[in-house]
């Protein structure tokens, strides 16, 4: 009996620790990043988020400058607003393109494609989700960038009279639009696989009952299947957005790696927060004051905050929408 009680306590303690480990890990990562980023915040203040000038300064100078009690290389200035705009812009373009394609593909695989064909296509989609990001980056560099430069970009530029942000020179094709397209290709398989698995859990009886009552396939999906999986699909979209926000290597290869200016149009070269960390970490380590590394840590902490805030906001909106639907019913 004592052994059984001891085993029960160990079991509950172990499972409780395992259940709380994601939150503990998140707090640990956030705390470490905040501790390492605090000197950069003391040095730059709010202008770190509103400034557009990023300059790590003369890291080989003989002396350092002191500002607000912390030291940095002479001429150092850290403003990440262009990186924030590039991150949010490219990820939102990816969502706009990927969400309808992924949702429609998942519905087609579950309700329209024959079972044998679906059994072949589903593993292929999961395989696309596992391709390394550097492969997508090289493909975007070789295929999508020329396509944007010579085809899609000039076509969209004609709409500049209606949407001014679409006007302007297309350039080399390396920029925000190409980054968004590659990110869309990368996150679409994730959303398709998650949405397909959710739709396969929808009870067949209500769907078949809707069809028997005279609803079309589209109407049965809209009024029966989609409400059943709406929360899960929304979660899949947020999961895919999180991957788009944090994608590094693929975006680094096709974004144009531009600093110190806000993108004037959809085709402009950009830098994202994740790609900036990857591109500048090596040179930042040579800063004798360590301020450049602290600044990159503050970028990482900002990216973590954006991911947390977007997830929390999405959950609030989802709860609000669920409450509104309940009131209507």
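Bear in mind that the values in this text are calculations on the coordinates, not laboratory data. The model shown is predicted, which means the values in this text are computed figures rather than measured ones. Every residue, glycine as well, gets a Cβ built from its backbone with ideal geometry; the counts of neighbours run over all protein chains shown.
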For the chain, the longest principal axis of the Cα atoms and the Cα long axis of helix 81-111 enclose an angle in degrees, to the nearest 10, of 20
For the chain, averaging the sequence separation of alpha carbon pairs under 8 Å that lie six or more residues apart and dividing by its residue count, the contact order in percent is 26
Expressed in angstrom and rounded, the centroid-to-centroid distance over alpha carbons for the range 48-96 and the range 220-278 is 22
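At a 10 Å Cβ-Cβ cut-off, how would you order 136, 223, fewest neighbours first?
Values: 136 22, 223 13.
Placing the least packed residue first, the sequence is 223, 136.
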For residue 163 and residue 262, extending 7 Å from Cα along the Cα-Cβ vector and measuring point to point gives, in nm, a value of 1.9
With -39,500 (n - 2.57) per DSSP H segment of 4 or more residues and division by the full residue count of the chain, the 222 nm estimate, nearest 500 deg cm²/dmol, is -22500 deg cm²/dmol
Most exposed first, judged by fewest Cβ atoms within 10 angstrom, 11, 288 run 11, 288
Quick calc: nm separation of the 7 Å Cα→Cβ label points for residue 116 and residue 228 -> 2.6
Tilt, helix 115-129 to longest principal axis of the chain (alpha-carbon atoms), in degrees rounded to tens, equals 10
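How do 282, 287 line up, fewest other C-beta atoms within 10 Å first?
Starting with the residue having the fewest Cβ neighbours, the order is 282, 287.
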Taking Cα atoms, the helix 176-199 axis meets the longest principal axis of the chain at an angle in degrees (rounded to 10) of 30
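Full-extension gain between residue 313 and residue 147, please, as 0.36 nm times their residue separation minus the C-alpha to C-alpha distance. Working shown, then result.
On the way: separation 166, 0.36 × 166 = 59.76 nm, distance 3.54 nm.
Contour length minus the Cα-Cα distance gives 56.2 nm.
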Nearest-0.05 FRET efficiency for residue 197 and residue 47 at R0 = 35 Å, using Cβ-Cβ distance, is 0.15
Once both label points are put 7 Å beyond Cα along the C-beta direction, the residue 26-residue 305 separation in nm becomes 1.6
